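In what follows, a single structure is set out as structure tokens and then discussed.
The values are calculated or read from the model by the stated rules, or taken from the named source; none is laboratory data. Remember, predicted model here, so these are calculated numbers, not experimental data. Cβ placement follows ideal geometry from the backbone for every residue including glycine, while neighbour counts extend to all protein chains displayed. Remember, those area values only see protein heavy atoms, side chains included, never the ligands or the DNA or RNA. Shrake-Rupley method; radii C 1.70, N 1.55, O 1.52, S 1.80 Å.
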Amino acid sequence: MKASDIYIQPVEASWLKQNNLTLDVLRLDAIHKIVSGNKWFKLKHYLKHAKANKQHTIATFGGAWSNHIVATAFAAKEAGFKSVGIIRGEEPVTLSATLQNALHYGMQLIYVTRDAYRDKQRILKTYANNNWYWINEGGYGKPGVKGITDIFKTHDASMYDYLVTAVGTGTTLAGMVKACNKHQKAIGVSSMKMNIALQDAVNNLLPKRLHNHFTIVHDYHFGGYGKHLPVLIDFMNTVYHQHHLQLDFIYTAKTLYAIQDLAKKSFFKQGSKLLMLHTGGLQGNRSLAAKVLAF
Ligand SMILES: *Cc1c(COP(=O)(O)O)cnc(C)c1O
């Protein structure tokens, strides 16, 4: 797994030409089949910090199909740590493919009810004596932001007018905002239904001078986090056939759909160059019924 596995894929489509736009996709997903592109970068500095502080176990939170859980299990093992995942919901009779992978990477799984899961402080208290190194759900935090800005040290994005990413916790968007120069616009596409608190969540990761130097669009959640509609699945299959680009239904499909729709609505200035981060997440497609996707 190396940062040099990332590459740029240009996309050609009539809806881009008609609006005099170009679109490149930064394939962060190319670093690993299971470990989400952006998650590995977000985890990097947490693990460094844990090492420097002589910690032995990494603990974090997530759902049964969480990209962050499986990425943490993998990255922790790779760096020589034990890992613990606090999993939302009762232990299922059949483990999700994601949790099976996490177990395979040596993660200890602890199931908590959905109610108990919400009270993170209480969970931290329960396990306070274990001396674990805790990472926020989704890797939210400044070390996560730092890992994202590292991407742009090796992959120059200064020629683009718009940088676009999917938004979960907002950590990736914050890193993108930090990497932008003054003339560039950072756009985040929320995968959740009207999560207005995101604006502050991103601002809290940024220095004051960069507060609100980004736009979050909330119109492309397709029913909410983890939800999808047939039109989104059709879009994913079309994109795969036309561009040989695989997307995940939770984040990147909604993001590219948003880019296409916004382009048709003349949201982007004519003549602009766009860069979309492909943040990965393809492993989560395994939660869909067989044969729904063409890939
Ligand atoms: C986690 C995730 C995101 C969201 O990243 P944040 O930094 O939490 O906003 C986007 N895309 C994919 C594929 C992810 O797994």
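What residue, of 125, 208, 153, 182, is away from the ligand (no atom under 16 Å from the Cβ), without any contact (Cβ under 8 Å) to a residue 60 or more places away in the chain, out of contact with any strand residue (DSSP E or B) (no Cβ under 9 Å at 6 or more places or on another chain) and within 23 Å of residue 25 (Cβ to Cβ)?
Step by step, each of 125, 208, 153, 182 is checked, and only 153 is away from the ligand (no atom under 16 Å from the Cβ), without any contact (Cβ under 8 Å) to a residue 60 or more places away in the chain, out of contact with any strand residue (DSSP E or B) (no Cβ under 9 Å at 6 or more places or on another chain) and within 23 Å of residue 25 (Cβ to Cβ).
Of all residues in the range 268-295, which are near the ligand (Cβ under 10 Å from one of its atoms) and closer than 28 Å to residue 94 by Cα? Result: 279, 280, 281, 282, 283, 284. Any residue in the range 273-285 that is open to solvent by 10 Å² or more (accessible area, probe 1.4 Å) and more than 18 Å from residue 32 (Cα to Cα)? Yes, the range 273-285 has at least one match. Scanning the range 16-35 turns up one or more residues that are touching a residue at least 60 places away in the same chain (Cβ under 8 Å), among the charged types (D, E, K, R), open to solvent by less than 20 Å² (accessible area, probe 1.4 Å) and in contact with a helix residue (DSSP H, G or I) (Cβ under 7 Å, 6 or more places away or on another chain). Looking only at the range 89-131, residues that are within 24 Å of the chain's Cα centre (by Cα) and in a loop (DSSP other than H, G, I, E, B) come to 6 in all.
Within the range 215-227, residues that are within 19 Å of residue 171 (Cβ to Cβ) sit with their Cβ atoms under 6 Å from residues that are exposed (fewer than 15 other Cβ atoms within 10 Å of the Cβ), at 6+ positions apart or across chains, in these pairs: 218/194; 221/193.
State whether one or more residues within the range 250-267 are more than 16 Å from the ligand (Cβ to nearest atom), open to solvent by less than 10 Å² (accessible area, probe 1.4 Å) and at negative phi. For the range 250-267, residues more than 16 Å from the ligand (Cβ to nearest atom), open to solvent by less than 10 Å² (accessible area, probe 1.4 Å) and at negative phi: present. Considering only the range 237-248, I want to know if a residue exists there that is away from the ligand (no atom under 16 Å from the Cβ) and β-branched (Val, Ile, Thr). Yes: the range 237-248 contains one or more residues that are away from the ligand (no atom under 16 Å from the Cβ) and β-branched (Val, Ile, Thr).
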